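What follows is one structure encoded as structure tokens, with my remarks underneath.
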Amino acid sequence: MSAMRVGVIGVGHLGRHHARLLAAMDDVDLVGVVDIVADRAAAVAAEHGTRACTAADLLGAVDAVSVAVPTEAHEAVARPFLDAGVAVLVEKPMADSLAAADRLLAAASAGGAMLAVGHTERFNPALAAARPHIARPRFVEVHRLGTFPERSLDIDVVFDLMIHDLDLLLALVGSEVVGVEAVGVNVLTPRVDIANARLRFASGCIANLTASRISRDRVRKARFFAGEAYVGVDFATQETEVYRLDRSGPAPRVVGGSVPVETAEPLGRELEDFVAAVRERRAPAVPGAAGRDALALATRIADQIAAAAQV
């Protein structure tokens, strides 16, 4: 089987890991890496035995590209490849506006190109272990807290951190969001640094989400409550626990505990799925339409926060 020719555009904080993981795959030829900082591109290229080049150099030379540039540049960078029929994995959020996301989807359709979105938590082994136990959740509580970053400050915390969990909820609850209440505060930047959203789904499920990039501690946890079951997921430590109400004995009792998790690097699993989807000509685990849905819900929350701030 011939190696798939792949390029990485943007090798900063996250993109350098795309390059590392793709270069290590047996069935992938990392053709080149691109970055606006020439020294950074050269260093990453040298580390992984490839070349530093321009995005134009990659056109016609690759079967797929991974785009990990700042959000505002996603459309401009990804469009030429989609127009040329080249598969694209674009980091989350997929674009800086719904209009831009729609243009990416249209370009992918017109060019016959596969478009995937990098919602990495979909590939977290802790979620994979939990997913079979999550059925018709009635209440979900999510905390995604991080220390102040030196990146992604061009977007609100809703689009930077909370969007991970919005994508997961849309996939796991499988129901339309019929109500949104949200508040947010800017603390260290002109943009929202901490936000809380309460979502109501048509199924009756309620989800309460908190995202912050000004926490002292790094927390990435979700708790799912069903009628007689509880599932807890720690995305950071890749641990999952499941408890259920057992009515088989003379008196009801709670049973359960930790479930086995085969730990792995979520980004590696995401890139493996992307490469396999391109090779097998199938849809990726997180197609462009799903990325657009998460962006639409994030935008709805951001609009609610903006409206609340005007009151």
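The values are calculated or read from the model by the stated rules, or taken from the named source; none is laboratory data. Since the structure is predicted, the reported quantities are computational estimates derived from the model, not experimental observations. Every residue, glycine among them, receives a Cβ derived from its backbone with ideal geometry; neighbour counts consider all protein chains shown.
Here are the numbers for the structure shown:
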| read-out | value |
| --- | --- |
| Subset tally (residues that are in contact with a Lys or Arg (Cβ under 9 Å, 6 or more places away or on another chain), more than 19 Å from Ala277 (Cβ to Cβ), in contact (Cβ under 8 Å) with a residue 40 or more places away in the chain and not small (Gly, Ala, Ser)) for the stretch 87-113 | 2 |
| Subset tally (residues that are part of a loop (DSSP other than H, G, I, E, B), of a type in the set (A, V, I, L, M, F, W, C) and within 27 Å of Ala309 (Cα to Cα)) for the stretch 203-235 | 2 |
| Counted residues, the stretch 236-271 - those being in a loop (DSSP other than H, G, I, E, B), in contact with a strand residue (DSSP E or B) (Cβ under 8 Å, 6 or more places away or on another chain) and among the small types (Gly, Ala, Ser) | 1 |
| Members of the stretch 301-311 found to be surrounded by fewer than 18 Cβ atoms within 10 Å (Cβ to Cβ) and assigned to a helix (DSSP H, G or I), listed by number | Asp303, Ala306, Ala307, Ala308, Ala309, Gln310 |
| For Val286: the one exception among (1) buried (at least 19 other Cβ atoms within 10 Å of the Cβ); (2) of a type in the set (A, V, I, L, M, F, W, C); (3) at pLDDT below 95 | (3) |
| Test for Tyr230: is it surrounded by fewer than 16 Cβ atoms within 10 Å (Cβ to Cβ), free of Cβ contacts under 8 Å to residues at least 40 places away in the same chain, out of contact with any Asp or Glu (no Cβ under 6 Å at 6 or more places or on another chain) and more than 17 Å from Ala171 (Cβ to Cβ) | no |
| Qualifying residue in the stretch 139-153 (condition: hydrophobic (A, V, I, L, M, F, W, C), farther than 19 Å from Phe235 by Cβ, assigned by TED's automatic domain parsing to the domain that holds Val259 and surrounded by fewer than 21 Cβ atoms within 10 Å (Cβ to Cβ)) | yes |
| Any hit, the stretch 56-72, residues being outside the structural domain of Ser215 (by TED's automatic domain parsing), surrounded by fewer than 15 Cβ atoms within 10 Å (Cβ to Cβ) and under 20 Å from the mean Cα position of the chain (by Cα) | yes |
| Total residues in the stretch 73-124, condition charged (D, E, K, R) and in contact with a strand residue (DSSP E or B) (Cβ under 7 Å, 6 or more places away or on another chain) | 2 |
